[in-house]
1. Among the candidates 175, 195, single out the residue that is part of a helix (DSSP H, G or I), assigned by TED's automatic domain parsing to the domain that holds residue 117 and of a type in the set (A, V, I, L, M, F, W, C).
2. When you check residue 181 against the structure, is it in the same structural domain as residue 120 (by TED's automatic domain parsing), in contact (Cβ under 8 Å) with a residue 60 or more places away in the chain and more than 16 Å from residue 128 (Cβ to Cβ), yes or no?
3. Mind checking which residues of the range 24-33 are charged (D, E, K, R) and within 15 Å of the chain's Cα centre (by Cα)?
4. Quick one: how many residues across the range 60-97 are basic (Lys, Arg) and either within 20 Å of residue 33 (Cα to Cα) or without any contact (Cβ under 8 Å) to a residue 12 or more places away in the chain (or both)?
5. Go through the range 143-172 and report how many residues are part of a loop (DSSP other than H, G, I, E, B) and at pLDDT 95 or above.
6. Please work out which one of (1) over 19 Å from residue 112 (Cβ atoms); (2) assigned to a strand (DSSP E or B) is the condition residue 32 fails and give its number.
7. Taking the condition of being surrounded by 13 or more Cβ atoms within 10 Å (Cβ to Cβ) and not polar (S, T, N, Q), how many residues in the range 178-201 meet it?
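The values are calculated or read from the model by the stated rules, or taken from the named source; none is laboratory data. Keep in mind that this is a model prediction, so the values were computed, not measured. Methodologically, a virtual Cβ is constructed for each residue, glycine included, from the backbone with ideal geometry; neighbour enumeration extends over all protein chains shown.
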Amino acid sequence: MFQLTRDLIFFDVETTGLHVIRDRILQIAMIKYFKDGSAYKELSMIINPGIPISEEAYKVHGIGPKEVANKPTFKEVAQELYEFIGQSDLAGYNSNRFDVPMLAEEFARYGYDLELDKRRLIDVQRIFYKMEPRTLKAAYQFYCNEELKDAHDALIDIRATVKVLEGQLARYQHANYLSEDGEIIENPVVNDVQALHDFTNDLKTPDVTQKLRYNEQGVIVFNFGKYTGMTFEQVWDRESNYFYWILDKEFSFQVKSIIKKFIKEKESKSRKP
């Protein structure tokens, strides 16, 4: 089993659509592995999203208005979910680009900070795409030598993800990785949460939506729009209102938190004599 220094949660969400800001979670499933090696714990629930479910999303997961009609809202279960997660690291499949920011946004709406900068994140898909680029169903077949049935049910998908990671740890225990720029990384897929976090995350960006990134000097710069590549200081001197515009638009909670911290620092300096 996994070697842990902190509890680790595998999780998956099904949603009303694919927009991280506008859409909502309607099913969440989590499997929690404890660092002391005790038996894992599962949690799964259907959630009333409070907004329409897109036809495209319904075709994927089959959860419609009837299934969510009498279910609790995220606001009603937020405390239970937040306490279940605790200080755990998080893992999933394509989780860094979708499930993690989606969950962080849901929590933020009701005053809960998931504090992603304090957690290690493992994206099992990133290992798969780097080592054997394919889908979850193909990954399950490839690493587990079994056919994945009833895919797109959150609990079935996340159980499959757990087995896929176990298969990856076994398959790549002595494998090196050749990056796109020709760098050889020795044995990156090992039974260590920090190593898996480093391998599956883009360490060049401070937010999972990749609206910001670090330049070669390690300074945060914008990674979108008219100020792409410019530092906060450069943009502040040119158009300070741009930061307040971001706070008013549909950017992730994580991006807005970084922007708010910068604004607070600038305003604090301006008040000093």
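1. On the way: 175 fails: part of a helix (DSSP H, G or I).
Being part of a helix (DSSP H, G or I), assigned by TED's automatic domain parsing to the domain that holds residue 117 and of a type in the set (A, V, I, L, M, F, W, C) holds for just one of 175, 195, which is 195.
2. On the way: in the same structural domain as residue 120 (by TED's automatic domain parsing): yes; in contact (Cβ under 8 Å) with a residue 60 or more places away in the chain: no; more than 16 Å from residue 128 (Cβ to Cβ): yes.
Answer is no for this residue.
3. So in the range 24-33, the residues charged (D, E, K, R) come out as 24, 32.
24, the sole residue that qualifies.
4. Quick first cut of the range 60-97, residues basic (Lys, Arg) only: 66, 71, 75, 97.
After this cut, where a residue has to be either within 20 Å of residue 33 (Cα to Cα) or without any contact (Cβ under 8 Å) to a residue 12 or more places away in the chain (or both) as well, the list is 66.
Of the residues in that region, 1 qualify.
5. Going through the range 143-172, the residues part of a loop (DSSP other than H, G, I, E, B) turn out to be 145-153, 172.
If we keep only those that are at pLDDT 95 or above as well, we get 172.
Qualifying residue count, the range 143-172: 1.
6. The number of the failed condition is (1).
7. 11
Each row is one residue, and each column tells you yes or no for (1) among the aliphatic types (A, V, I, L, M); (2) touching a Cys at 6+ places or on another chain (Cβ under 7 Å); (3) without any contact (Cβ under 8 Å) to a residue 12 or more places away in the chain.
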position: 3; (1), (2), (3): no, no, no
position: 8; (1), (2), (3): yes, no, no
position: 11; (1), (2), (3): no, no, no
position: 22; (1), (2), (3): no, no, no
position: 35; (1), (2), (3): no, no, no
position: 38; (1), (2), (3): no, no, yes
position: 43; (1), (2), (3): yes, no, no
position: 54; (1), (2), (3): no, no, no
position: 58; (1), (2), (3): no, no, yes
